[in-house]
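In what follows, a structure is listed as structure tokens, so that the remarks can point back to it.
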Amino acid sequence: MHDYRETSPLRTCRLTALCAICVVALLGAGCGAEDDADSASTTPAGKARLSVGTTVAPITSIAANIGGDRVQITGIVPEGTNSHTFEPKPSVAELLSTIDVLFTNGLKLEEPTRDLAEANLKSGAEIVELGTKSIPESEYAYDFSFPESGGKPNPHLWTDPKYALKYAAVIRDELVERDGDDAAYFKANYDKFKAKVDEFDKAMRTSFATIPRAKRKLLTYHDAYAYFAKDYGWDIIGAIQVSDFEDPTPKEVAGLIDQVKETRVPAIFGSEVFPSPVLEQIGKEASVKYVDVLRDDDLPGAPGEPEHSWLGLMHFDYVTMTEAMGGDASALKAFKPGDVAPDEAEYPQ
Ligand SMILES: [Zn+2]
């Protein structure tokens, strides 16, 4: 289990206390640990680094691309868990009481974390809902997994690069406001990030264009691509996962099998976070490939590796989709995902 105290000021306090003892013991002979702790927690201007909390890993990665090594970022939702039902442990309150800003997705994705933050944030700290700031309510998507009657819109804006860039701009503006000394650094990181995302967008469009428009149809288990589909010319023909995260009824499954046969898609997609025997059964009975590796918030690779990033995640998904649908993914494969600034964020696993 991840221990948030690893990165909290408590550790710094313990180090400082230890240093005080060592300074006394050595009669002012110095204590290297104190210097290390200081340089790790201050900006080049000598101020304490902003302490930033984030929820899901893609948001943590986007924040790291903008904040780089000038802010201290701690993710809250462990990778590979169901972020839609995630409830933070009471111990997360300790982290929330120390941060300056909490970046969440919003669109009702992280209500329990939001509630805990509201009860524990220190004075002057705030919650910034990136998704909510990036799309007007009139453009919220409601669908099979996220019906309007349930009151929760589809929250997966970040699988669409257009919105991920908006998230990055909101993060940039928030960091600039709170740490003006590093404004030029955050702005330069955003510009580099935007250039890279624009390049990725081009590669996506080139690769998708190799799949006839009529064949760009997605049946996924987890309904994470609604906004992406609209912007990149794909049709979502359905999602298996219903709003309460239960399996669909046998009647619904039979309907989906018919639909897959009718649309003659070459592949249907499952999620690596939500193994689905139902989707496997649909694939078998409709005689189409079942590709069960898509992911929407669990970054590929391990922290520190270039593919362990929002861009790495999107790259993996869209290469997978293109190839499974019989397209040519070489433009996407020529693109190298990675970060534009050092990613020193904590990703709970
Ligand atoms: Zn999701």
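Numbers for the structure displayed
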{"item": "Candidates 62, 127, 99: whichever shows maximal mean-square fluctuation once the chain is modelled as a Gaussian network with Cα springs under 10 Å", "result": "127"}
{"item": "Burial order of peptide ranges 138-144, 226-232 (average beta-carbon count within 10 Å, highest first)", "result": "226-232, 138-144"}
{"item": "Helix 250-263 axis, angle to the chain major axis (alpha carbon atoms, nearest 10°)", "result": "70"}
{"item": "Solvent-accessible heavy-atom area per residue, rounded to whole Å², over the chain at 1.4 Å", "result": "43"}
{"item": "Theoretical ellipticity at 222 nm over the chain - DSSP helices of four or more residues, -39500 (n - 2.57) apiece, nearest 500", "result": "-13500 deg cm²/dmol"}
{"item": "Rounded tilt (10° steps) of 9-25 against the dominant C-alpha axis of the chain", "result": "30"}
{"item": "Amide H contacts of residue 73 (H built 1.01 Å from N, under 5 Å, at least 5 apart or other chain)", "result": "52, 346"}
{"item": "Highest-fluctuation residue, 310, 234, 158 considered, GNM on the chain with Cα pairs under 10 Å", "result": "234"}
{"item": "Long-range amide H partners of residue 217 with built H, under 5 Å", "result": "235"}
{"item": "Region 106-264 - percent relative contact order, Cα under 8 Å, separation 6 or more", "result": "23"}
{"item": "Carbon/sulfur fraction of accessible area - region 164-220, other protein chains in place, 1.4 Å, %", "result": "52"}
{"item": "Per-residue HN-Hα couplings for region 279-286 [Karplus 6.51, -1.76, 1.60; θ = phi - 60°; Hz; x = Gly/Pro]", "result": "5, 4, 5, 4, x, 5, 6, 9"}
{"item": "Share of carbon and sulfur in the accessible heavy-atom surface of region 225-312 [1.4 Å probe, %]", "result": "50"}
{"item": "Tilt relative to the chain, helix 310-324 - C-alpha long axis, 0 to 90 degrees, to 10", "result": "20"}
{"item": "Relative contact order for the chain, counting Cα pairs under 8 Å that sit 6 or more residues apart, in percent", "result": "20"}
{"item": "Distance between region 90-129 and region 318-349 - C-alpha centres, whole angstrom", "result": "29"}
{"item": "Percent of beta bridges antiparallel (DSSP, the chain, rounded to nearest 5)", "result": "5"}
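The values are calculated or read from the model by the stated rules, or taken from the named source; none is laboratory data. Here the structure is a predicted model, which is why all the values come from computation and not from measurement. Positions of Cβ are generated from backbone atoms using ideal geometry, with glycine treated the same way; all protein chains shown enter the neighbour counts. The accessibility values were calculated without ligands, DNA or RNA, using every heavy atom of the protein model including side chains. Shrake-Rupley method; radii C 1.70, N 1.55, O 1.52, S 1.80 Å.
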